[in-house]
Structures are given as structure tokens and as C-alpha cells.
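Novice: To start, I am sharing the structure in question, which I have written as C-alpha cells.
The values are calculated or read from the model by the stated rules, or taken from the named source; none is laboratory data. All of these numbers come straight from a predicted model, not from anything done at the bench. Here the Cβ positions follow ideal geometry from the backbone for every residue, glycine too, while neighbour counts run over all protein chains shown.
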Amino acid sequence: MTRKTLLQTLAAMTFLSACGAPGNRAASGDFSCPEEETCSQLTPEGLWFTGASLFDGFLDTGPQTTAVSGTQTIRVHASNSNTDFFDVPFGAEGTPPLQVEEIDSPSVIIRANGEGSGYLRIFDAGSLELFDRISISAASIQSIRVVPVSAPWFDPEAAEKMDWALLADSHLEMGVVLRGSDKRLVDQSMTFDIGGSATSETSIPSWDKRSIFVDAAGSAEIFVQTGSGDSYSDSMPIVGTLDDIEIVSSIFSPDTSSSIPMGTERVYCFRGLAGNRAVGGLSWSASVEGSITAKPVDMSCFGVKASGPGIATLIVSAGGFKKDFSLTITQSAGAAPPLQIVASDEASAGGGPAPGQRAR
């Protein structure tokens, strides 16, 4: 994937994230009223809904699964547009396990009182006729992690499995990952605090993300408390330099065993290590030797283009550490031998809304 293709992919994902979910009427195809309901003619095509965004949720489309005992703010839309809010006065109620906590048109705060799924019903407060409704799921939290916000996209293995350290004197964004048995969860009643030798720089924080500054030494102390009373804490050591750099697989980078056919471009992503911990807060750079060029793509990734056959070297630097990766450039894709990653270590000298049932 080239740099241009990667950026186009992210742009497309961001565009898709502007789309919401239809309510039952909006999603029905013929905007029909659910059998057990009496529907209002003020919303002949139903409604659309958006919910809480996830810090890495480029493909968010409508309300997320809500954590049990947690909350989520749902916004009501007249059409599939993030800016077309429903401006007709309405009432709202949840069916178990959902409970409506607050109505502040066009937003409704719901709380999940148990597992399962229920309807958020938006109705005419005078006639009690249904404008539209949408099903929202609830699940118990099974795990909590705090990771750099880029990790789920550019280093998913580290995001899911590894412990983290943070680079001294760095600025970065950290995000909370709440998981149920099979999906991500939302709890906007959750608290997320940063302490120790790190401070939050976020003036208006999103529910699951904080911008932080890391001091020169010590450790960053992470504290999370959910609406259900589940708590998570972590102490992330602050390090001055890396011990190693390794290539990692991500959705944007190729299989690291592949070579580069001449005339093509591949994206390679990297992970910095301090002991057995992945390191966040790094600034990355790369230089080359041989018939390749390297351009930064995003975060810890570089687009490498091969112009001639043979062996070339990609030299990657971050956190006071430098590492050489020897790449095999082949004449053509059809005759490509396996890519040889022969690394030599060298320390550097310095440091939209969703539709309601009618809207479908």
C-alpha cells in the first residue's frame, strides 16, 4: 500500500464514520411502522441515530454496545447526516435493559442495567406515537486496557497483548479500550485519570482519550473506573532510550516475509522496545542505502519504493536507537524471492448517524 493509498483509505474511513444508523422505520425499506407500534406521520421516513465515538473507531456507524451499568449519549437525527438533528420536541424511553437517564434534545443519555438488547424509543410526547426506535446492545466488561491511540491501527499485537513504557519528555495520546466477550464497549460515565510523572494536557477530554505529557523520569500512573465499579490501574515506566526496533504487521503494512518487486512501493511499520515493553511517545525517522526511497506515512510507518534490483538498507531511528533492515529487491513480482530482513543494531549517538427503524 502506497502513502497515497493509505491516506486515501484513512480519509474514506473518516468519511464513513460520519454515517449513523437507521432506526427500525428508516431501515425497513418502505418506512413501515413496527407491528406493535403506532407511528407518527411527522417522521414518515423514520429517524437516524449516532452514539459515542471510539478513539480509533474510523468505521463507527451509530450507537455502540453499552457496558453494563455504563452510559452512552445517543443523538437523534432527521436524516443520515451528522448535522441534520431532529428538532421536533420528543419523549424517550428505553426497554429493558436500557433506561433513559436524561433528555437534552437532540441527545438522549441511556444507561444499561443488564446484558442483552433493548429499544431506545423516540416518540411524540403529546400523542405518544412513535417517531422511530433503535435496538442497542449491552454487555459486561471483560477486559480494560490503556494504549497509545495509534496502536490498534499500526501495531495491533502490542495494543492487545503487550505491556507499555513511555518515552521521556514526550507528548502523546492514550486511549482506553473496554472489551466485552466479542466486541468493544462504551461507558461515558467512566473516569480516566493520568498521574505520577505524567500530566493530562486535554482541556475538553473525550470520554476514552487523553493527551498527555510525559516527564523526564519516573512512571505514568493510569487509573480507570467504570460505571459498574470495575477498576483498572497501570504503572508505565518512563524510559530514555530504546533497546530494540522490530518490524510489525498491521492492516497497512505487508507481510514482513515479502520482498519488494522493483518499481513498487510497500509500507513497513515498526515497534520500539524497552526490555519486553512496547514504547509509546516515539518520533520516527528513516534513511536508506541502495536503490530504495523511504517516506513517512504515519506514526511508525514508512512507504518504501524500490527502483532497482539487489540489496538495499532501510535505516530506522527512534528513541535514541537506530537499526538497519536489509531488504531484497527483485526484478518482478512473479519471480520474487522471500524478503530478507537482516537487522543490525546500532545505538545512535544521542537521544453519521444511524437510521431508526422507519428511516431504513
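Novice: Does G303 meet the test of being small (G, A, S), touching a Phe, Trp or Tyr at 6+ places or on another chain (Cβ under 9 Å), assigned to a strand (DSSP E or B) and at pLDDT below 95? Reasoning before the result, please.
Specialist: Numbers: small (G, A, S): yes; touching a Phe, Trp or Tyr at 6+ places or on another chain (Cβ under 9 Å): yes; assigned to a strand (DSSP E or B): yes; at pLDDT below 95: yes.
Against the criterion (small (G, A, S), touching a Phe, Trp or Tyr at 6+ places or on another chain (Cβ under 9 Å), assigned to a strand (DSSP E or B) and at pLDDT below 95), G303 qualifies.
Yes/no matrix, rows are residues, columns are (1) surrounded by fewer than 18 Cβ atoms within 10 Å (Cβ to Cβ); (2) not small (G, A, S):
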residue	(1), (2)
F223	yes, yes
T241	yes, yes
D244	yes, yes
I260	no, yes
Y268	no, yes
R271	no, yes
V279	no, yes
A294	no, no
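Novice: Taking the condition out of contact with any strand residue (DSSP E or B) (no Cβ under 8 Å at 6 or more places or on another chain) and either under 30 Å from R111 (Cα atoms) or in a strand (DSSP E or B) (or both), does G229 pass? Even if it seems obvious, please write down each step before you answer.
Specialist: Details: out of contact with any strand residue (DSSP E or B) (no Cβ under 8 Å at 6 or more places or on another chain): yes; either under 30 Å from R111 (Cα atoms) or in a strand (DSSP E or B) (or both): yes.
So G229 fits the description; yes.
Novice: Where in region 79-192 are the strands (runs of 3 or more DSSP E), entirely inside, with at least 3 residues that are buried (at least 19 other Cβ atoms within 10 Å of the Cβ), modelled with pLDDT of 95 or more and not β-branched (V, I, T)? Reasoning before the result, please.
Specialist: Values: elements: 91-94, 98-104, 107-112, 116-123, 130-139, 143-148, 164-167, 171-179.
Strands (runs of 3 or more DSSP E) meeting the threshold: 116-123, 130-139, 164-167, 171-179.
Novice: I want to confirm something. Restricting to region 193-217 and keeping residues that are closer than 30 Å to A138 by Cα and not hydroxyl-bearing (S, T, Y), which single residue is surrounded by the fewest Cβ atoms within 10 Å (Cβ to Cβ)?
Specialist: Going through the qualifying residues, I end up with I204.
Novice: Quick test of your reading of the structure: P63 fulfils all but one of (1) crowded, with 21+ Cβ neighbours inside 10 Å; (2) not in a loop (DSSP other than H, G, I, E, B). Name the failing condition by number.
Specialist: So the condition that P63 fails would be (2).
Novice: Being among the small types (G, A, S) and either farther than 30 Å from A112 by Cα or in a strand (DSSP E or B) (or both), is that true of even one residue in region 262-273? Quick ask: steps written out before the conclusion?
Specialist: Let us first name the residues in region 262-273 that are among the small types (G, A, S), namely 263, 272.
Next, only the ones that are either farther than 30 Å from A112 by Cα or in a strand (DSSP E or B) (or both) stay: 263, 272.
Yes, region 262-273 contains a residue that is among the small types (G, A, S) and either farther than 30 Å from A112 by Cα or in a strand (DSSP E or B) (or both).
Novice: Can you name every residue in region 227-236 that is touching a Ser or Thr at 6+ places or on another chain (Cβ under 7 Å) and surrounded by 15 or more Cβ atoms within 10 Å (Cβ to Cβ)? Step through it out loud before you land on a result.
Specialist: Narrowing region 227-236 to residues touching a Ser or Thr at 6+ places or on another chain (Cβ under 7 Å): 227-228, 235-236.
Those that are touching a Ser or Thr at 6+ places or on another chain (Cβ under 7 Å) and surrounded by 15 or more Cβ atoms within 10 Å (Cβ to Cβ): G227, S228, M236.
Novice: Can you tell me which residue in region 27-52 is farthest from the chain's Cα centre (by Cα), limited to those that are assigned to a loop (DSSP other than H, G, I, E, B) and within 17 Å of F85 (Cα to Cα)? Before the answer, list the steps.
Specialist: So the first thing to find is which residues in region 27-52 are assigned to a loop (DSSP other than H, G, I, E, B), and the list is 28-38, 40-47, 51-52.
Those left that are additionally within 17 Å of F85 (Cα to Cα): 42-47, 51-52.
Numbers: L42: 37, T43: 33, P44: 35, E45: 32, G46: 30, L47: 26, G51: 15, A52: 12 Å.
Among residues in region 27-52 that are assigned to a loop (DSSP other than H, G, I, E, B) and within 17 Å of F85 (Cα to Cα), the one farthest from the chain's Cα centre (by Cα) is L42.
Novice: Right, next: If we keep just the residues of region 193-211 that are of a type in the set (D, E, K, R) and assigned to a loop (DSSP other than H, G, I, E, B), which is nearest to the chain's Cα centre (by Cα)?
Specialist: This residue is D208.
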